[in-house]
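K.L.:
One structure, as structure tokens, below. Some questions next.
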Ligand code: FES
């Protein structure tokens, strides 16, 4: 198992942040005092979600606008049925810890 550790202070509220570990691209999203972790590669055509726009808990892909719920990774457009990976993120001291399978 791979773990990503990032100081919470480095994760700006409302601005997606790309982190990479052992070939995995993960986007961290801070909403209030919670951090969510998702796969960075859009399920549509591979756009970089870390460059997307965040509105509340919705993250829009910068390429064609598919929206994802950052809490679940689920695409929010009805009928799409698509999702990106969602990883558990927890606090450990002043750091955010994300464990990848
Ligand atoms: S690649 Fe993300 S919406 Fe098309």
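K.L.:
When you go through (1) under 14 Å from the mean Cα position of the chain (by Cα); (2) in contact (Cβ under 8 Å) with a residue 40 or more places away in the chain one by one for residue 5, which number turns out not to apply?
P.N.:
Of everything listed in (1) under 14 Å from the mean Cα position of the chain (by Cα); (2) in contact (Cβ under 8 Å) with a residue 40 or more places away in the chain, residue 5 misses just condition (1).
K.L.:
Name the single residue that is farthest from the ligand (Cβ to nearest atom) among those in segment 9-53 being more than 23 Å from residue 94 (Cα to Cα) and in a helix (DSSP H, G or I).
P.N.:
Per the criteria, the residue is 51.
Quick grid of which residues meet (1) touching a strand residue (DSSP E or B) at 6+ places or on another chain (Cβ under 6 Å); (2) surrounded by 14 or more Cβ atoms within 10 Å (Cβ to Cβ); (3) part of a loop (DSSP other than H, G, I, E, B); (4) at positive phi:
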| position | (1), (2), (3), (4) |
| --- | --- |
| 63 | no, yes, yes, no |
| 68 | yes, yes, no, no |
| 77 | no, no, yes, no |
| 81 | no, no, yes, yes |
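K.L.:
Give me the pairs, please: first residue somewhere in segment 48-66 and more than 16 Å from residue 26 (Cα to Cα), second residue anywhere and more than 8 Å from the ligand (Cβ to nearest atom) and modelled with pLDDT under 95, beta-carbon distance under 6 Å, and either six or more positions apart or on two chains.
P.N.:
Final answer for the pair search is 57/31.
The values are calculated or read from the model by the stated rules, or taken from the named source; none is laboratory data. Please read all numbers here as calculations on a predicted model, not as lab measurements. With ideal geometry, Cβ positions are generated from the backbone for all residues, glycine too; neighbour counts draw on all protein chains shown.
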